[in-house]
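Working notes, structure below.
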Amino acid sequence: MAAWVDGLAARRHLSHVVVFSSAMAQYAPLRRDGRGPRCVLDFVDVDADKWAQFARRSRWPMAWLYARESRTLLSHDSRVAQASAASLFVSAPETALFKELSGVETPLTAVPNGVDVTYFAPCSARPSPFADDATAIVFTGAMDYWANIDAVRWFAAAVWPLLRERHPHLRFYVVGARPSRQVRALACDDIVVSGRVPDVRPYLQHAAAVVAPMRIARGIQNKLLEGMAMARPVVTTSMGLQGLDAVPGRHLLVADEPMAMADGISAILHGAYGDLGVRARGLVCDQYDWPAAMARFLAVVAGDKAIAELSA
């Protein structure tokens with residue numbers, strides 16, 4: 001693949017290359033001598049820190065393996081970032097963390113994720129996927145991804161029993177493709193594991209609340225942006241909130257302990273945060289619609305010095 005990319009760059013006289021994720025950097029013509037195309041590397045998240053989080057939550061031998069992966073990946077990421085014209089991360093905290101861990105001196109720039117606020121928008125004609133007598137709490141995400149698996153298992157074990165005591169009619173919907181064995185095992189009368197669905201929007205729109213109880217996370221959680229864009233009350237953790245410019249209590253609720261999360265969801269069900277979803281959508285439309293993020297992204301790719309030199 002590296003030879004193919006080199007040949008393509010030579011034949012087409014490419015001036016700019018965008019590398020998505022550091023795993024693909026091994027195939028890119030990374031040169032800082034000015035003789036090759038301008039290569040911008042989009043890391044998105046500091047994945048080395050995510051592996052470190054996995055290590056802290058695991059037992060030997062996996063804890064050792066994940067810790068080694070964290071160190072090895074950070075070494076690789078530091079090297080390829082130093083060889084790139086600029087490196088992108090999804091938020092200012094992510095950018096600052098990578099700068100602290102790696103010590104690289106090349107430009108590091110935060111370009112946030114976005115969401116299509118026209119696509120992810122409430123629609124009165126969109127039918128509910130839930131039974132008429134069901135009040136649904138919804139989690140969305142790829143359900144073979146460890147951080148999502150950990151999140152729903154913790155929520156089902158620690159938070160859900162507290163909610164069911166107060167609201168016996170509640171149903172928890174885990175919506176996402178490729179549910180793992182551990183996730184499928186959660187399915188019961190009041191927990192639904194849907195697997196892949198053709199459209200997540202009905203599940204979000206008709207949810208009483210959208211939850212993202214992340215305990216392992218980096219960057220910006222797209223599931224939060226999508227739930228907020230659908231004008232739903234969203235409840236997450238401090239880990240889920242990081243990187244998102246949202247105010248707890250105004251745009252969403254944040255709780256790290258089971259009782260606090262159950263209390264927050266229960267308050268939503270009782271109507272205590274009636275405008276939370278409306279304010280959440282307003283924030284997403286103002287700050288996380290794609291045009292603003294794309295303008296910044298294209299400026300960095302093009303080499304706009306005033307923007308490319310920005311760092312956290």
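For the reader, a short list of remarks on this structure follows.
- Per residue, the convex hull volume that the Cα atoms of region 152-198 enclose (Å³): 65 Å³
- Applying a DSSP loop filter and a limit of 12 other Cβ atoms within 10 Å to the trypsin sites (Lys or Arg not before Pro) in region 187-228 leaves ARG196.
- Point-charge dipole on Cβ atoms (K/R +1, D/E -1) for region 135-287, about Cα centre, debye to 20: 320 debye
- By the equivalent-ellipsoid construction on the alpha carbon gyration tensor, the chain comes out with semi-axes of 38, 22, 18 Å, ordered largest to smallest.
- A straight line joining the Cα centroids of region 179-243 and region 1-57 runs 31 Å.
- Across region 268-279, coupling constants 3J(HN,Hα) worked out from phi with the 6.51/-1.76/1.60 Karplus curve, θ = phi - 60°, read 4, 5, 8, x, 6, 10, x, 9, 4, x, 5, 5 Hz, and Gly and Pro carry x.
- Pairwise Cα inverse-distance average, inverted: Kirkwood Rh of region 1-103 (Å): 14.7 Å
- Where trypsin sites (Lys or Arg not before Pro) fall in DSSP loop in region 231-312, at most 14 other Cβ within 10 Å: ARG250
- Here's how it looks for SER128: its modeled amide H is under 5 Å from none belonging to a residue 5 or more places away or on a different chain.
- Close amide H contacts of ILE191 (hydrogens built in the peptide plane, cut-off under 5 Å, sequence separation of 5 or more or a different chain): PHE172.
- According to the Cα-based calculation, Rg over Rh for region 148-289 is 0.93, with Rh computed by the Kirkwood formula.
None of the figures in this text is laboratory data; all of them are computed from the coordinates on show. Just so you know, these numbers come straight off a predicted model, no measurement behind them. Please note: Cβ atoms are built from the backbone with ideal geometry, for glycine as well, and neighbour counts cover all protein chains shown.
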